[in-house]
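Structure first, commentary second.
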Amino acid sequence: MLAEFLLRKHISRLNKPVIKISDDALQALIRYRWPGNIRELENVLERAVIVATSEVLSLRDLPADVGGPGEPAPPGGGVIEAMERTLIEKILAECEWNKSRAARRLGIGRRTLYSKAAKYGIRLDPGTEKEPEKG
């Protein structure tokens, strides 16, 4: 019930068409130990709503440490950092890797985008071996 309540809160706030949590994802949420308690559950569900590509949250929308195949939280980081990385990658892809357009959509400057890309190891030119530019 708590997960459903938090899910509704985030789909409303983020204006996403997510309707429910799949049975597999719900079982993963139930099995997880939740060292961060309700706050951690809320952060995981918020991240899942952000990355969801369908109306049903599935295991693929959950972070790896909770039971899904998603990216684990970065070392020394947490759910917020994982969400930020996921959002940056998603917006870059939606903007066809146009850094200026992506930065505008994210509400940050290009330099900040480059800095965050370097911090999270995000390649700004997909399909190349070039590392993110710094500065």
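The values are calculated or read from the model by the stated rules, or taken from the named source; none is laboratory data. Only a predicted model underlies this, so the values are computations on that prediction, with no experimental measurement involved. FYI the Cβ positions are ideal-geometry reconstructions off the backbone, even for glycines, and counts take in every protein chain you see.
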Could you please find all residues in region 1-16 being part of a loop (DSSP other than H, G, I, E, B) and within 16 Å of the chain's Cα centre (by Cα)?
Asn15, Lys16
When region 17-28 is checked residue by residue, the ones that are outside any helix (DSSP H, G or I) and among the aliphatic types (A, V, I, L, M) are Val18, Ile19, Ile21
Taking region 108-121 and keeping residues surrounded by fewer than 17 Cβ atoms within 10 Å (Cβ to Cβ) and within 14 Å of Leu87 (Cβ to Cβ) leaves Ile108, Thr112, Lys119
Answer residue from region 108-126, given it is among the basic types (Lys, Arg) and in a helix (DSSP H, G or I) and is modelled with the lowest pLDDT among those
Lys119
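For every residue, the table says whether it meets (1) in contact (Cβ under 8 Å) with a residue 12 or more places away in the chain; (2) within 23 Å of Gly121 (Cα to Cα); (3) outside the structural domain of Thr86 (by TED's automatic domain parsing); (4) in contact with a Leu (Cβ under 7 Å, 6 or more places away or on another chain).
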| residue | (1), (2), (3), (4) |
| --- | --- |
| Met1 | no, no, yes, no |
| Ser12 | no, no, yes, no |
| Lys16 | yes, no, yes, no |
| Ile19 | yes, no, yes, no |
| Ala28 | yes, no, yes, yes |
| Arg33 | no, no, yes, no |
| Glu46 | yes, yes, yes, no |
| Pro63 | yes, yes, yes, no |
1 or more residues crowded, with 16+ Cβ neighbours inside 10 Å and at pLDDT below 85: qualifying helices (runs of 4 or more DSSP H) within region 29-107
37-51, 79-94
